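This report refers to the structure that appears directly beneath it.
The values are calculated or read from the model by the stated rules, or taken from the named source; none is laboratory data. Everything numeric here is computed off the predicted structure, so don't read it as measured data. Cβ placement follows ideal geometry from the backbone for every residue including glycine, while neighbour counts extend to all protein chains displayed. Keep in mind that these areas ignore ligands, DNA and RNA; they rest on the heavy atoms of the full protein, side chains included. Shrake-Rupley method; radii C 1.70, N 1.55, O 1.52, S 1.80 Å.
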Amino acid sequence: MSTTKIVFLALFFLFVSANTTQAFEYEYGSFFGGSENDYVHDIASSESGFYICGGTYSATLPGLFNGHQQSGNVNGYGDGFISFFNNENRQINATYFSGNHFETVRRIAVSPDGVIAGCNSMSFDIGNYYPAPEHLLFDSMIVKFKSELSEPLWAFYLYNTDYYDRIEDIVVDSDKIIVAYDVMTNLLETENNDPCPSEWCRNSVLLTLDNETGEQIHYRYMWDASITSISPIGNGDFLVAGVWEAGDSGLPVTLGAYDLTHSPHSAGFIALLDQDFGVQWLTYLGGTSINDDIRIVWHEESQSVIATISTSSWNLPVINSNWSPNTYNSYYDTYICALSSNGQELLWGGYLGGSADDKPFAISVDNNNNLVVGISTDSDDMPLISDQIFPAPIAGVEHGYLATINLLTKQIEQTTYLPGNSKSINNEIILRNSNITVAGYYREDDHLSFLTPTPYAIDTTFAGPREGFIISISDDNIVPNELPSFTTAMNSCRFSIEWNAPDPTAYQAFVTRGSQRLELPVVSNGQSCFAEEIMTASAQQVQSVYTVYNADQIQLFEHVLEPVMLPAQMTMDVYQDASSIYMQSAGFTADPTRITVYDLRGRSVFESGSNVSFVNDRPTHILNKSDISRIPSGTYFTVATFDNRRVIGKFQKLD
């Protein structure tokens, strides 16, 4: 799993004792599926919730499908889907990804202005729903949707691959999207017609796209290996990890790398690439036997690469890791380690597993320096150091298992089994709002150990034979998201909203009156955002609903301003300086106003048009003295007329 599937939701850190044994709490559990085979392949978090994606053979899926495609094609073939849930675990919207044959959505990532989906299609008509310059049968494709899933913004087809192909990972890194996928073909029209490393072996292909337009930046074959994980490091460069399957040639390991040799069976590898896919460093990772299922995450604070790998190698180093047991126990075990930022040194490492097979399926770092590891295990004796929130595992049934490891002490802090089967390739974890959320799918033969649906579950029954699931558990080590706090002010005809967020591009503000909805400009002073409206008299006499949305089009704020009936006649304060006469009244609105000056005998001596301005934060009409220079000195009345209302004041003109 990549770092872009993790959202760091806190602005501060909390100190947590390394010896805590507090238990997780079960917050939310739900099935997700219909009456046939249903698969949840991936999960990705946003500021306001999370998205799941996958494939279904069912005629209908639970929840609201009000997005781009509101129904699938019920024709015996599979459809893809994407579904969005808010931070209260309520499903908000969804879309199918469907043509006249087979589709699925394998990977998903979130950008500030949309959702990036990695899809597979075998339909002749898929280009009717997702147009792009080129579409062929048996396509893999990258589609960017609006955050609310209402329509696709662009689609990029990965061309006809003819044979096996699978999207392994997608991340959003600033203004570009990085995609890794495997192929078994030499037919790709890659950048500069790069040669295919091996026509009949798995080959890794890397692709970068412009986030806004979907235009190709780079598109290249890499190695006769499989890249399974991507993690940006923050400066445009990015880490990749994967598995080399002992092909005819080795990988281009760099001088001084931590591990220069590889197993004769299969070996993990980690590499740092620049923006043009140039190799900065590359090292193998693994022992003398089979090594597979590698995942990585960049840890900024320690400037290290943290990795998990499934291994049957007994001779990997156990160093500077302080949990117990910490030994190789079975045919497959999970090995967890950290490498230096130059790939030349093993900083710490150790085994985590039980007496049967254990394979890692996901990895994340929370915002309190804790590593969260997800493991698919056949072991019923995994290390347990805190009270369990789910029933004990059933012998012989594959289960999920979660552990948090303090990256400062290298000790395990919390653990739990997860109910039901957790196939390693079909599960991901995200960290959000003090929760760890896991998504995947169950098999029918795991019926004895399914989750128990919680209140508000979107789907409470297993209809099988395969069924998606979502599980969310609380983790007090994750500092919850602090949503912006909002304040409002009404100053005569100016209504303003302020909230404590620095970036105005991350928000939209609106005012709605009846069926009319107007967008308000959002500005910032570097610390807070502001939106305001100077209201006309007619606007003040109807109900106004002010709302603020984040970049995911999720409503964060609402304020209802009830109508105000203005009196037909009001008074105003009048003062002057050397050049102007200022007329101020709480009753002024933004309507075009007629200013009339009368003498004491009620005769009109001057008239002009005007609009409201703000002086000392008060609504004001300004009369230039040069405009009334011909009027004799004396006492005058000034009358501002707007929307059939009058505001009256008095001033003394001096020569």
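A few notes on this one:
- For region 274-304, the set of residues classified as open to solvent by less than 10 Å² (accessible area, probe 1.4 Å), farther than 20 Å from Asp224 by Cβ and not aliphatic (A, V, I, L, M) consists of Ser304 only.
- Cβ-Cβ under 6 Å pairs, at least 6 apart or on other chains, region 488-507 side touching a residue at least 24 places away in the same chain (Cβ under 8 Å) and under 14 Å from Pro619 (Cα atoms), far side assigned to a strand (DSSP E or B) and small (Gly, Ala, Ser): Ser496/Ala489
- Subset tally (residues that are open to solvent by 50 Å² or more (accessible area, probe 1.4 Å) and assigned to a loop (DSSP other than H, G, I, E, B)) for region 619-632: 3
- Apart from one condition, Ile471 fits all of (1) of a type in the set (A, V, I, L, M); (2) within 22 Å of Phe530 (Cβ to Cβ); (3) within 19 Å of the chain's Cα centre (by Cα); (4) at pLDDT 85 or above; the exception is (2).
- Exclusive hit being within 32 Å of the chain's Cα centre (by Cα) and not β-branched (Val, Ile, Thr), set Tyr335, Tyr328: Tyr335
- Of all residue pairs spaced 6 or more apart or on separate chains, those with beta-carbon atoms under 8 Å, a first member in region 509-531 that is among the small types (Gly, Ala, Ser) and a second member that is at pLDDT below 90 and part of a strand (DSSP E or B) are Ala509/Tyr549.
- Considering residues of region 226-273 that are over 16 Å from Val305 (Cβ atoms) and among the charged types (D, E, K, R) only, the residue least open to solvent (accessible area, probe 1.4 Å): Glu245
For every residue, the table says whether it meets (1) touching a residue at least 12 places away in the same chain (Cβ under 8 Å); (2) open to solvent by 20 Å² or more (accessible area, probe 1.4 Å); (3) aliphatic (A, V, I, L, M).
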site: Ile306; (1), (2), (3): yes, no, yes
site: Trp323; (1), (2), (3): yes, no, no
site: Tyr335; (1), (2), (3): yes, no, no
site: Leu339; (1), (2), (3): yes, no, yes
site: Asn342; (1), (2), (3): yes, yes, no
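- Taken as a whole, region 633-643 holds at least one residue that is open to solvent by 20 Å² or more (accessible area, probe 1.4 Å), among the acidic types (Asp, Glu), in contact with a helix residue (DSSP H, G or I) (Cβ under 6 Å, 6 or more places away or on another chain) and not in a strand (DSSP E or B).
- Each residue in region 43-66 was checked for being in a strand (DSSP E or B) and either without any contact (Cβ under 8 Å) to a residue 12 or more places away in the chain or more than 13 Å from the chain's Cα centre (by Cα) (or both), and 4 pass.
- With respect to the conditions (1) under 23 Å from Trp314 (Cα atoms); (2) in contact with a Leu (Cβ under 7 Å, 6 or more places away or on another chain); (3) surrounded by 20 or more Cβ atoms within 10 Å (Cβ to Cβ), Gly350 lacks only one, and its number is (2).
- Pairs meeting the criteria (first residue in region 148-159 and at positive phi, second residue open to solvent by less than 20 Å² (accessible area, probe 1.4 Å), beta carbons under 8 Å, at least 6 apart or on different chains) are Leu149/Gly67; Leu149/Ile82; Leu149/Phe84; Leu149/Ala94; Leu149/Thr95; Leu149/Val115; Tyr159/Asp139; Tyr159/Leu188.
- Residue within region 387-406 that is within 21 Å of Phe85 (Cβ to Cβ), open to solvent by less than 60 Å² (accessible area, probe 1.4 Å), at pLDDT 85 or above and in contact with a helix residue (DSSP H, G or I) (Cβ under 8 Å, 6 or more places away or on another chain) present: no
- Residue within region 590-597 that is touching a helix residue (DSSP H, G or I) at 6+ places or on another chain (Cβ under 6 Å), modelled with pLDDT of 85 or more and not β-branched (Val, Ile, Thr) present: no
- Only one of the listed residues (His299, His262) is within 19 Å of Ala403 (Cβ to Cβ) and either out of contact with any strand residue (DSSP E or B) (no Cβ under 7 Å at 6 or more places or on another chain) or not hydrophobic (A, V, I, L, M, F, W, C) (or both). That residue is His299.
- Restricting region 290-308 to residues that are part of a loop (DSSP other than H, G, I, E, B) and out of contact with any Leu (no Cβ under 9 Å at 6 or more places or on another chain), the residue that is nearest to Tyr351 (Cα to Cα): Ile290
- Residue, modelled with the lowest pLDDT, within region 474-499, restricted to residues that are within 28 Å of the chain's Cα centre (by Cα) and open to solvent by 60 Å² or more (accessible area, probe 1.4 Å): Pro480
- Set side by side, the residues Leu371, Leu346 differ, and just one is aliphatic (A, V, I, L, M) and under 16 Å from Gly287 (Cα atoms), which is Leu346.
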